[in-house]
Amino acid sequence: MAVKTVRLDEDSERMLMGLAREMGLSVSAVLKQGLLALREQRRAGAPRAYEIYRELELGPGGEALAPSTETRRGVEEALRRRHRR
């Protein structure tokens, strides 16, 4: 069995201790359950960061002019739009 050292901020420490107390489990058991839950979430096809970002309402100006593979074209388009005034 491995021993790990984890650094937590004050809020995370309070949350961890509160969960352990509420559930009647050790800190290790709470952390293990958290790892299992995260693994199951990934297996269930939870959205990746890009998928979440894609769904956000970015408002005016939040849309990219070109994909990241065509950055040069995007910059040229942005400059053309800016100087059309």
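Annotations
- Where a residue in the stretch 64-79 is among the acidic types (D, E) and at pLDDT 80 or above and its partner, wherever it lies, is part of a loop (DSSP other than H, G, I, E, B) and surrounded by 12 or more Cβ atoms within 10 Å (Cβ to Cβ), with Cβ under 8 Å and at least six apart: E77/L65; E77/A66
- Cβ-Cβ contacts under 8 Å between residues 6 or more apart (or on different chains), taken from a first residue in the stretch 30-48 that is under 15 Å from M15 (Cα atoms) to a second residue that is among the small types (G, A, S), are listed as V30/A20.
- Count of residues meeting criterion [assigned to a loop (DSSP other than H, G, I, E, B) and either touching a Lys or Arg at 6+ places or on another chain (Cβ under 7 Å) or surrounded by 11 or more Cβ atoms within 10 Å (Cβ to Cβ) (or both)] in the stretch 1-46: 3
The values are calculated or read from the model by the stated rules, or taken from the named source; none is laboratory data. In this text, all values refer to a predicted model and were calculated from it rather than measured experimentally. Virtual Cβ from ideal backbone geometry, glycine too; neighbours counted across all protein chains shown.
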